[in-house]
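Worksheet: one structure, shown below.
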Amino acid sequence: MNKIRTRIAPSPTGLFHIGTARTALFNYLFAKKHKGDFILRIEDTNKQRSEKKYEKDILNNLDWLGLKYDEIYYQSKRKEIHKKYLKQLLDSGHAYKDEIIWFKNPNKKIVFNDLVRGDIEFDSSLFGDFSIAKSLDEPLYNLAVVVDDHEMNISHVIRGEDHISNTPKQILIYQALGFDIPKYAHVPLILGPDKSKLSKRHGTVSMSDYRREGYLPEALINFMALLGWNPGDDKEMFSLKKLIKEFSLDKVQKSAAIFNIDKLNWFNNQYIKNTPSKELAKLIKLKHPKLEKIIDIEKERINKLTEIEIGFYSKLPKYDSSLLKWKDMKKLEIKESLEKSYHILCDVKDFNEKSLKDILIKNTEDDKGRLLWPLRVALSGKKNSPSPFEIGEVLGKQETLKRIKKAIDKV
Ligand code: GLU
């Protein structure tokens with residue numbers, strides 16, 4: 001069998017979309033599973049709409065996701081090749097010139113076997129002649145895509161289902177040029193929860209935005225793999241390496257893939273929890289001498305890296321003294337509770353989460369909240385926060401005692 005070669009062919013006319021990223025992933029997985037090549041072709045023939053910044057966005061995000069391509073091409077640099085084949089079509093009578101260049105439809109039945117959807121049949125007489133170039137130097141999508149896929153020895157065209165209607169036109173061009181037709185796999189579209197095509201309306205769709213919001217590439221890879229593919233059992237955690245082993249086109253579903261942000265958040269939380277805090281610290285722009293410890297504390301409960309808060313660790317927020325009250329504690333009791341914590345902590349030498357927990361718990365009564373709630377609020381100034389032991393370690397002894405004093409004065 002010839003070498004498996006797949007490609008993605010994005011147009012640099014907008015930010016790299018999660019739908020394109022998912023198609024890239026499927027192409028990458030299929031190629032790598034079969035020890036083949038994954039090719040990137042930037043379809044930048046539309047000069048008005050193509051922009052350099054979008055091209056960069058494609059490259060950056062493929063790199064970030066770890067989807068390494070083996071070759072890269074720019075369609076705009078291939079005009080001479082397109083021209084050669086346009087001339088061939090004109091000379092052989094398969095195309096004719098009007099204002100633009102038209103492909104002469106032979107009006108016939110076209111059947112192709114789609115690796116996801118099975119046999120698909122078209123009657124080409126239903127769509128008539130169609131344009132393939134504005135001029136010899138300005139090829140249009142259907143012509144350029146056929147010529148490039150042929151010249152690049154693409155064995156499998158794996159792309160979104162929205163391209164099914166282009167396929168019969170492309171097959172006619174293949175036949176007219178005497179090229180072998182590649183295998184096709186049209187993958188389901190990604191829809192929003194309301195079953196309409198996924199768009200900005202549903203939330204974030206661009207890879208760069210996901211990245212900025214604090215999603216990890218491993219989480220997006222795992223999440224996107226399951227948008228239209230499933231392993232046939234209930235396994236859900238997949239690294240890129242594992243996906244290469246397990247992926248197959250016959251497990252790609254025909255029905256649409258529904259985008260579920262909660263699922264993505266769940267995956268991201270899983271990957272954040274399983275990544276060493278030291279690694280995460282490098283991805284976070286925040287500065288704090290105890291950043292790693294803060295990440296240790298926060299990473300269990302966050303869905304995105306941007307949810308990591310260092311605010312109250314750096315500076316005690318203003319809070320209302322009523323927050324210090326646990327259940328029906330009276331003012332005097334709150335004060336006594338805080339004073340007790342103060343005295344206990346004054347004697348702690350090695351100020352870390354474990355030592356603080358041991359000593360404080362030892363000094364609590366049946367209702368632990370009587371000691372720990374006022375202390376926690378004194379340290380965080382917040383209704384919800386991590387435990388006073390964790391915060392205490394980050395703050396250190398001096399700042400911890402200072403904050404308790406402040407609370408005592410407030411009551
Ligand atoms: N440039 C086309 C697109 O962005 C490529 C379609 C294809 O894969 O054939 O949708």
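Scan region 164-197 for residues that are small (Gly, Ala, Ser) and in contact (Cβ under 8 Å) with a residue 24 or more places away in the chain and the total you get is 3. Residue 144 versus (1) touching a residue at least 40 places away in the same chain (Cβ under 8 Å); (2) more than 11 Å from the ligand (Cβ to nearest atom); (3) under 15 Å from residue 80 (Cα atoms); (4) not polar (S, T, N, Q): which is the lone unmet condition? Tallying (1) touching a residue at least 40 places away in the same chain (Cβ under 8 Å); (2) more than 11 Å from the ligand (Cβ to nearest atom); (3) under 15 Å from residue 80 (Cα atoms); (4) not polar (S, T, N, Q), residue 144 fails exactly one: (2). Looking only at region 4-16, which residues are farther than 17 Å from residue 68 by Cβ and either surrounded by fewer than 20 Cβ atoms within 10 Å (Cβ to Cβ) or of a type in the set (Phe, Trp, Tyr) (or both)? Of everything in region 4-16, those that are farther than 17 Å from residue 68 by Cβ and either surrounded by fewer than 20 Cβ atoms within 10 Å (Cβ to Cβ) or of a type in the set (Phe, Trp, Tyr) (or both) turn out to be 11, 13, 14, 15.
Inside region 160-249, counting only helices (runs of 4 or more DSSP H) that do not spill past its ends, which hold 3 or more residues that are more than 14 Å from the chain's Cα centre (by Cα) and acidic (Asp, Glu)? Break it down into steps so the answer makes sense when it comes.
Details: elements: 167-177, 207-212, 217-225, 240-246.
Passing ranges: none, list empty.
Listed here are the residues, each with its yes/no results for (1) within 18 Å of residue 132 (Cα to Cα); (2) within 15 Å of the ligand (Cβ to nearest atom).
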position	(1), (2)
43	yes, yes
50	no, yes
64	no, no
71	no, no
76	yes, yes
79	yes, no
86	yes, no
91	yes, no
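Number of residues in region 391-411 that are of a type in the set (D, E, K, R), within 16 Å of residue 317 (Cα to Cα) and touching a helix residue (DSSP H, G or I) at 6+ places or on another chain (Cβ under 6 Å) equals 2. Could you tell me whether residue 121 is over 16 Å from residue 41 (Cα atoms), acidic (Asp, Glu) and crowded, with 16+ Cβ neighbours inside 10 Å? So residue 121 fails the test.
Scanning for something surrounded by 13 or more Cβ atoms within 10 Å (Cβ to Cβ), under 30 Å from residue 196 (Cβ atoms) and at pLDDT 95 or above, does region 272-288 turn up at least one residue? Before the answer, list the steps.
Let us first name the residues in region 272-288 that are surrounded by 13 or more Cβ atoms within 10 Å (Cβ to Cβ), namely 272, 275, 277, 280-281, 283-284, 286, 288.
Those still in the list that are under 30 Å from residue 196 (Cβ atoms) too: none.
No, because not a single residue in region 272-288 is surrounded by 13 or more Cβ atoms within 10 Å (Cβ to Cβ), under 30 Å from residue 196 (Cβ atoms) and at pLDDT 95 or above.
Would you be able to say whether some residue in region 363-371 is over 19 Å from residue 408 (Cβ atoms), crowded, with 16+ Cβ neighbours inside 10 Å and among the basic types (Lys, Arg)? So far as region 363-371 goes, no, none of its residues is over 19 Å from residue 408 (Cβ atoms), crowded, with 16+ Cβ neighbours inside 10 Å and among the basic types (Lys, Arg).
Whenever a residue of region 243-268 is closer than 13 Å to residue 230 by Cβ, its partners that are among the aromatic types (Phe, Trp, Tyr), lying with C-beta atoms within less than 6 angstrom and at least six residues away or across chains, give the pairs 251/229; 252/229.
For region 132-141, how many residues meet the condition of being in a loop (DSSP other than H, G, I, E, B) and either under 27 Å from the mean Cα position of the chain (by Cα) or near the ligand (Cβ under 9 Å from one of its atoms) (or both)? Break it down into steps so the answer makes sense when it comes.
Filtering region 132-141 for residues in a loop (DSSP other than H, G, I, E, B) gives 136-137, 140.
Still in the running and either under 27 Å from the mean Cα position of the chain (by Cα) or near the ligand (Cβ under 9 Å from one of its atoms) (or both): none.
Residues flagged as in a loop (DSSP other than H, G, I, E, B) and either under 27 Å from the mean Cα position of the chain (by Cα) or near the ligand (Cβ under 9 Å from one of its atoms) (or both) within region 132-141 amount to 0.
Residue 305 satisfies every condition listed in (1) buried (at least 19 other Cβ atoms within 10 Å of the Cβ); (2) farther than 30 Å from residue 219 by Cα except (2). Cβ-Cβ contacts under 7 Å between residues 6 or more apart (or on different chains), taken from a first residue in region 4-16 that is under 18 Å from residue 74 (Cβ atoms) to a second residue that is in a loop (DSSP other than H, G, I, E, B) and within 7 Å of the ligand (Cβ to nearest atom), are listed as 9/43; 10/43; 11/43.
Every condition in (1) within 12 Å of the ligand (Cβ to nearest atom); (2) under 20 Å from the mean Cα position of the chain (by Cα); (3) farther than 19 Å from residue 146 by Cα; (4) of a type in the set (Lys, Arg) is met by residue 22 except one, and the failing one is (1). Of the residues in region 192-206, at least one is surrounded by fewer than 16 Cβ atoms within 10 Å (Cβ to Cβ), of a type outside the set (Asp, Glu) and in contact with a Ser or Thr (Cβ under 9 Å, 6 or more places away or on another chain). Here residue 36 meets each of (1) touching a Lys or Arg at 6+ places or on another chain (Cβ under 6 Å); (2) within 12 Å of the ligand (Cβ to nearest atom) with one exception, condition (2).
In region 149-163, the residues that are hydrophobic (A, V, I, L, M, F, W, C) form Cβ pairs under 7 Å with partners that are part of a loop (DSSP other than H, G, I, E, B) and within 13 Å of the ligand (Cβ to nearest atom), at six or more places apart or across chains, as follows: 154/182; 157/182. Would a scan of region 302-311 turn up a residue that is within 30 Å of residue 275 (Cα to Cα), out of contact with any Gly (no Cβ under 6 Å at 6 or more places or on another chain) and of a type in the set (Ser, Thr, Tyr)? No: region 302-311 contains no residue that is within 30 Å of residue 275 (Cα to Cα), out of contact with any Gly (no Cβ under 6 Å at 6 or more places or on another chain) and of a type in the set (Ser, Thr, Tyr). Screening residue 39 against (1) in contact with a helix residue (DSSP H, G or I) (Cβ under 6 Å, 6 or more places away or on another chain); (2) part of a strand (DSSP E or B) leaves a single unmet condition, (1).
The values are calculated or read from the model by the stated rules, or taken from the named source; none is laboratory data. These figures come from a predicted structure and were not determined experimentally. For neighbour counting, all protein chains shown are included, and Cβ atoms are generated from backbone atoms with ideal geometry for every residue, glycine included.
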